[in-house]
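Structure first, then comments.
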Amino acid sequence: MPFEWPTTEEMMYRIARLRRVVALALMVPVIVLFSAALIDPVSLPADRASLAAMAVAVLVVGHVALFPNVTLETISLSLSISFLVVSVPWIKAVAQWAPAEHASSAFVILIAFSVALTGVLMAALQIALSVLVYAGPALRLRLKTTLFVPCAPAVAFRQCAMQPQTRRGRVLTGAVDDNGFFEVAVVATHHPDPDQPDQPLIVKVDAKVLESTPEHHDVMMVLQDGSVTVTSQQFTAVDGGCLIAVSDMPGDFTLGMHAMFWLTDQQADNLTEMTDVIIGQDARANGLAHAVSLLSVAGTLLSPQAPVADRAK
């Protein structure tokens, strides 16, 4: 999916939904900047540290609003920018080694090299964080979230409960077989099909309804690698609408994946994707947004490729 400029409403939703990512991405830089100002107030005064922290905050929030599906890049961006800001006093000191008439030019050149190095560091940090997220054994931890929807529980049930022979947005289910299982196909808009790069990847799993009542719905899903995930949904009538409570027990999540799922508030985003249809809200979920990253945009700008004839539309 190509990059698309978000609307104001989408930007506000992304910042609110990814509030934990923003908080984490700001916590480390703020600690580093003010620690540096405390240790060496001459090189980095408190007022400059405050301005630098505000600049990092603007960059992080802007990155989240424009690139909502590259969380690790957001975190690596904040860390690398903090490294650049803290390094500026030392860069300035090194520039003073040049003759006085060339000191300013040397400082500009060193800053340019530092910015390039920051980009390399950002990419390296993102790779390292990706390894950490997926490393380690699977942990059976329960994930929970709730969401209020201004509709009757029956309406919320029809839209959100996974059932055979239905289609809900990106999810299409098949008929039940003799063992009670039915196939589920999910369009993964963030990943291209290896065999058809211009088409999104379609992920297929087998599912089975374990228990279903008008207020409660339990589904077991068997992934392609054989791991089992169980999802439980509760639909409770409250004043003005319905409260949906979701409890997931994924069978293939590492500790890092659990942390990422929590940081991005993924369960609530999945519910928002389904319930926006009920209330007539324009699609705003991050699951439907592009997965373009800042590094990919920078790579396209710095190293553009000529169009290929057989890819022309």
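State the number of residues belonging to the range 1-26 that are modelled with pLDDT under 90 and over 16 Å from Ala291 (Cα atoms).
Result for the range 1-26: 0.
If a residue has to be among the aromatic types (Phe, Trp, Tyr) and open to solvent by less than 60 Å² (accessible area, probe 1.4 Å) to count, how many in the range 108-132 make the cut?
Counting residues in the range 108-132 that are among the aromatic types (Phe, Trp, Tyr) and open to solvent by less than 60 Å² (accessible area, probe 1.4 Å) gives 0.
Within the range 148-165, which residues are surrounded by 15 or more Cβ atoms within 10 Å (Cβ to Cβ), over 27 Å from the mean Cα position of the chain (by Cα) and outside any helix (DSSP H, G or I)?
If the condition is that a residue be surrounded by 15 or more Cβ atoms within 10 Å (Cβ to Cβ), over 27 Å from the mean Cα position of the chain (by Cα) and outside any helix (DSSP H, G or I), then Cys151, Gln163, Pro164 are the ones that fit.
If I ask for residues that are touching a residue at least 40 places away in the same chain (Cβ under 8 Å) and more than 23 Å from Ala156 (Cβ to Cβ), which ones from the range 192-221 would you list?
Matches in the range 192-221: Asp198, Pro200.
What's the total number of residues in the range 114-147 that are touching a helix residue (DSSP H, G or I) at 6+ places or on another chain (Cβ under 9 Å) and not in a helix (DSSP H, G or I)?
11
Evaluate the range 290-302: report whether one residue or more is at pLDDT below 90 and over 16 Å from Phe67 (Cα atoms).
yes
Among the residues of the range 94-107, write down those that are surrounded by 14 or more Cβ atoms within 10 Å (Cβ to Cβ) and in a loop (DSSP other than H, G, I, E, B).
Ala98
Looking only at the range 131-182, how many residues end up being within 25 Å of Asp265 (Cβ to Cβ) and among the aromatic types (Phe, Trp, Tyr)?
Within the range 131-182, residues that are within 25 Å of Asp265 (Cβ to Cβ) and among the aromatic types (Phe, Trp, Tyr) number 3.
Find the residue count for the range 36-93, including only residues that are open to solvent by 30 Å² or more (accessible area, probe 1.4 Å), outside any helix (DSSP H, G or I) and within 21 Å of Trp5 (Cα to Cα).
Final tally of qualifying residues: 1.
Could you check the range 166-178 and list, in sequence order, the residues that are touching a residue at least 24 places away in the same chain (Cβ under 8 Å) and assigned to a loop (DSSP other than H, G, I, E, B)?
Gly169, Arg170
Find the helices (runs of 4 or more DSSP H) located wholly in the range 207-308 whose residues include 2 or more that are acidic (Asp, Glu), open to solvent by less than 40 Å² (accessible area, probe 1.4 Å) and within 30 Å of Ser78 (Cα to Cα), and list them.
266-279
Enumerate the pairs (first residue in the range 242-263 and farther than 25 Å from Val70 by Cβ; second residue anywhere and in a helix (DSSP H, G or I)) with beta-carbon separation below 8 Å, excluding pairs fewer than 6 apart on the same chain, so at least 6 apart or on different chains.
Listed by first residue and then by second, the contacts come to Cys242/Pro153; Cys242/Val155; Cys242/Ala156; Ile244/Ala156; Ile244/Cys160; Ile244/Leu271; Ile244/Thr275.
When the residues of the range 193-205 are filtered to those that are farther than 12 Å from Met162 by Cβ and touching a strand residue (DSSP E or B) at 6+ places or on another chain (Cβ under 6 Å), which remaining residue is least open to solvent (accessible area, probe 1.4 Å)?
Here the residue is Asp193.
The values are calculated or read from the model by the stated rules, or taken from the named source; none is laboratory data. Note that this is a predicted model, so its numbers are computed, not measured. Note: ideal-geometry Cβ built from the backbone for every residue, glycine included; neighbour counts use all protein chains shown. Remember, those area values only see protein heavy atoms, side chains included, never the ligands or the DNA or RNA. Shrake-Rupley method; radii C 1.70, N 1.55, O 1.52, S 1.80 Å.
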